[in-house]
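Down below is the structure, laid out as structure tokens.
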Amino acid sequence: MAIRKPPITTREYWAPGHAACAGCGPAIVMKLATKAFSEAMEEKYGDPNAFAIAHATGCMEVVSAVFPYTAWKAPWIHVAFENAAAAASGVEAAWKKLGRKGKILAIGGDGGTADIGLQALSGMLERRHNVVYLMYDNEAYMNTGIQRSSSTPYGAWTTTSPPGKYSIGEDKPKKWVALIAAAHQAPYVATASIGDPYDFYRKMKKAASVDGPAFVQVLAPCVPGWRIPSEKTVEIARLAIESGLWPLFEIENGDFYNIKFQRFPKDGKFKKPIEDYLKIQGRFKHLFKRPEAIQELKNQIKEVWRILGKEVELL
Amino acid sequence: MPMRKVMKCNEAAAWAAKLAKPKVVAAFPITPSTLVPEKISEFIADGEMDAEFIKVESEHSAISACVGASAAGVRAFTATASQGLALMHEVLFIAAGMRLPIVIAIGNRSLSAPINIWNDWQDSISERDTGWMQFYAENNQEALDLILIAFKVAENERVLLPAMVGFDAFILTHTVEPVEIPDQEVVDEFLGEYVPKHAYLDPAKPITQGALGFPAHYMEVRYTVWEAMENARQVIEEVFDEFEKKFGRRYYMIEEYKTDDAEIILLTMGSLAGTLKDFVDKKREEGVKIGAAKMTVYRPFPIEEFRALAKKAKVLAILEKDISFGISGAVFADAGRVLVNEKEKPILLDFIIGLGGRDVTFENLEEVVEISKKALVGEKVEEVNWIGLRKEIL
């Protein structure tokens, strides 16, 4: 029997021994993203190592680089919270002048991307730097202890959106940074979820392969922040896709009229109930006493799909 | 042959950048510094300068991009002022802590509120604790020279700290003066290409930069910044010597003017030093034993030079365009540290002057001398004096 080539590279850039929680979603993102990047660099430049990483402050930065240790087998820099995209711009400009082939990977969480780093991200995309910005979206400021961000979904508990007598939890709809990134007419923008690692892997490879800026927003559940069992991370990320809560799409050059969708049901009807996704997460527990809030969340997601050009039915 | 051209100080700063050949420039427009990136854009557009110019969306990103570029191993330059420098504040600490020899040209301008585009030094003075070296230029020529000097010192292996070069808003930034532009070949000999000895963001030798420092290591890392700044004193002297040999112009940490028999010495920084020299000449004709001193390097603070100067004076008056509310001007507070344990020391007086672009006139300086003379004969005077205040509108 012929030995098949592994579906993803066996090269590792994210070493064991980092300090992330058991079952950490973003840690899976780091591992897969760098592998995908390396494959793309090998195919494009003949050098799997032809990349550097600029990392925003956040969980993955903190757990991976505690002096004198590092989990990174790639050149890596952390500057501050809001400026990963700007620092990556500088690295890219320097590499260009040094005649060094390769691409820069900027990484930030949802707080560092959707909120404090949005301006630097916009600048990087608009200036057409040869940088992939990877937003690992765990839907709150987890590093500081679970505070809401603009990427926190409606109804979610966080420490700054607690449900109470006058609160249903987070009371604003989730901000979709991928759509903002696409509005920059960036060559490649995609959403992904670690619930479909092969789809994420393919998208990271594509992002790394295009000339110019790319943006990938990947859903990455947080065990303590979402109040979930550590063995359920990937399952929950998959349920997000299957219930219709997490649209998987690609937008090239800002062409909103030709969005490509992945794992989209042909009839527009998602087969898994949203409640299946919500009920295994402690952060949504309180919603089950407030069915109108769950309905509101569904309405908001349907509206996102409608903006994407799809009429959907959610269970 | 060096060429002489008449130009604004901002243009002189752009020329310095052109001569220093940074590979990356990242800048954002702000009054009064905007002409620096404008001129650099022209140099690049005309093929006279070979740099990547990142037209960033804020000063925060300007300095962040410089950090990225410098950490990738190339020379990086930016220019800003006032609110722009304040917006960079967070990243200034990081650039110093990561030991990245970036140079910023600063058109020294006041800080809001009220918003004001004119000259004082509050912007760069407020960054004195960031770990950046600070140089202040008296005129356009000095601005050009000091930028080249700043790169040379910053990139020295014993230092590896970033540096800012300040020159007064409008008084210098927008004023034309003849400036000698050194030959590119001589600058190349002086400065050389920046080739960091460590592997910076190189896939062949991957290293991690900007890691988390726990209490077990943080203090030592900060101490190395302190050490580097201490080393900078010696390196600055060496570079001043080398600069003089190459270009014929001599710089001093503190430059003195008619101080040898002076009872009263007026010390300042920047363009005000020129005014003081004229004023000293006038007062000397009147028989007043007065001298002036210009502090060209503010960080590292020229401790020994300042002590030597202080020994010559009975009253040392500091004229400064900044204020640290609740204590005094920043230079005065620093001077206190420098003299506190000296056995013999002059009466030290602080004069807050010319904030927000207010002209510093000879009348103002007469007031400084009057207060200093009172102190000289033993009268009690205020230690911190605001000069030229319009008391009638207070």
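The values are calculated or read from the model by the stated rules, or taken from the named source; none is laboratory data. Nothing here was measured: the structure is a model prediction, and the numbers come from that model. When we count neighbours, we look across all protein chains shown, and the Cβ atoms used for this are built from the backbone with ideal geometry, even at glycine.
Over 30 Å from B:S82 (Cβ atoms) and in contact (Cβ under 8 Å) with a residue 12 or more places away in the chain: does that describe B:R307? Talk me through it step by step, then tell me what you get.
Details: over 30 Å from B:S82 (Cβ atoms): yes; in contact (Cβ under 8 Å) with a residue 12 or more places away in the chain: yes.
It is true that B:R307 is over 30 Å from B:S82 (Cβ atoms) and in contact (Cβ under 8 Å) with a residue 12 or more places away in the chain.
Would you check if there is a residue in region A:45-58 being assigned to a helix (DSSP H, G or I), in contact with a Phe, Trp or Tyr (Cβ under 9 Å, 6 or more places away or on another chain) and crowded, with 24+ Cβ neighbours inside 10 Å?
Checked region A:45-58: no residue is assigned to a helix (DSSP H, G or I), in contact with a Phe, Trp or Tyr (Cβ under 9 Å, 6 or more places away or on another chain) and crowded, with 24+ Cβ neighbours inside 10 Å.
Could you list all residues from region A:57-87 that are within 7 Å of chain B (Cβ to nearest Cβ) and of a type in the set (S, T, N, Q)?
Of everything in region A:57-87, those that are within 7 Å of chain B (Cβ to nearest Cβ) and of a type in the set (S, T, N, Q) turn out to be A:T70, A:N83.
Can you pull out every residue in region A:41-56 that is within 13 Å of B:Q209 (Cβ to Cβ) and more than 7 Å from chain B (Cβ to nearest Cβ)?
If the condition is that a residue be within 13 Å of B:Q209 (Cβ to Cβ) and more than 7 Å from chain B (Cβ to nearest Cβ), then A:I53, A:H55 are the ones that fit.
Looking only at region A:81-107, which residues are surrounded by fewer than 24 Cβ atoms within 10 Å (Cβ to Cβ) and either of a type outside the set (F, W, Y) or at pLDDT below 95 (or both)?
A:K96, A:K97, A:L98, A:G99, A:R100, A:K101, A:G102
Has region B:257-278 got any residue that is part of a helix (DSSP H, G or I), more than 14 Å from chain A (Cβ to nearest Cβ) and in contact with a Ser or Thr (Cβ under 8 Å, 6 or more places away or on another chain)?
Yes, the conditions are met somewhere in region B:257-278.
Taking region A:93-116 as the region of interest, how many residues are in a helix (DSSP H, G or I) and within 8 Å of another protein chain (Cβ to nearest Cβ)?
Qualifying residue count for the region: 6.
Name the pairs: first residue in region A:82-103 and under 18 Å from B:Y194 (Cα atoms), second residue crowded, with 24+ Cβ neighbours inside 10 Å and of a type in the set (D, E, K, R), Cβ to Cβ under 9 Å, at least 6 apart or on different chains?
From residues that are under 18 Å from B:Y194 (Cα atoms), the pairs are A:E92/A:K103; A:W95/A:K103.
In the list B:P101, B:P114, which residue meets the criterion of being more than 10 Å from chain A (Cβ to nearest Cβ) and either in contact with a strand residue (DSSP E or B) (Cβ under 8 Å, 6 or more places away or on another chain) or of a type in the set (F, W, Y) (or both)?
Of B:P101, B:P114, the one residue that is more than 10 Å from chain A (Cβ to nearest Cβ) and either in contact with a strand residue (DSSP E or B) (Cβ under 8 Å, 6 or more places away or on another chain) or of a type in the set (F, W, Y) (or both) is B:P101.
Consider region B:373-393. How many of its residues are over 32 Å from the mean Cα position of the chain (by Cα) and not charged (D, E, K, R)?
Total satisfying the criteria: 3.
Residues in region B:41-72 that are over 16 Å from A:R127 (Cβ atoms) and surrounded by fewer than 24 Cβ atoms within 10 Å (Cβ to Cβ): how many?
Of the residues in region B:41-72, 8 are over 16 Å from A:R127 (Cβ atoms) and surrounded by fewer than 24 Cβ atoms within 10 Å (Cβ to Cβ).
For region B:106-225, which fully contained strands (runs of 3 or more DSSP E) count at least 1 residues that are touching a residue at least 60 places away in the same chain (Cβ under 8 Å) and of a type in the set (G, A, S)?
B:163-168
Of everything in region B:347-365, what is more than 23 Å from B:I117 (Cβ to Cβ) and free of Cβ contacts under 8 Å to residues at least 60 places away in the same chain? Give them in sequence order.
The answer is B:I347, B:L348, B:L349, B:D350, B:F351, B:E363.
Taking the stated definitions as given, is A:T9 part of a loop (DSSP other than H, G, I, E, B), of a type in the set (S, T, Y) and buried (at least 17 other Cβ atoms within 10 Å of the Cβ)?
yes
For region B:67-105, enumerate the residues that are in a loop (DSSP other than H, G, I, E, B) and not basic (K, R).
B:A72, B:G73, B:V74, B:A81, B:M98, B:L100, B:P101, B:I102
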